Amino acid sequence: DTHFSFVSDATTLRPKALGESSIRLLLINVMLPFLFACSRHRQDEQGAERAIAIFESLPAEDNHITRDWSGCGLNVDNAADSQALIHLKNRYCNTHDCLRCRIGYEYLKRS
């Protein structure tokens, strides 16, 4: 709640709180994958479907990866879409494995 400076004493006490976007990112990147994995481990399909439904109800992440996909003409409508496209980029684009990616394959086939 305070910051320390070597030049002066600690700053004024100011309580900190997470913003709405930070809470959403924690939900998308930590809590929902954990809920999904635990549900699958317990063979609780309703729990896994609930996690997916929440993913689909949250707005998409807004970062350079999702903006790049949007620029290519793909709709990024919700958090499930953004997570899927981030995974595709990390799995296929970053490793230059375009021919194994359905989107990359179709894109190269048109060229």
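The values are calculated or read from the model by the stated rules, or taken from the named source; none is laboratory data. If you're wondering where the values come from, they're calculated on a predicted model, not measured in any experiment. Just the protein is used for accessible areas: all its heavy atoms, side chains included, with ligands, DNA and RNA removed. Shrake-Rupley method; radii C 1.70, N 1.55, O 1.52, S 1.80 Å.
Distance distribution note for the chain: the fraction of Cα pairs above 24 angstrom is 47%. Among the helices of the chain, those built from whole DSSP H runs whose Cα atoms reach 15 Å or more along their own axis and whose mean Kyte-Doolittle hydropathy is at least -1.0 are 45-57. Per atom type, the chain shows carbon and sulfur on 56% of its accessible surface, probed at 1.4 Å.
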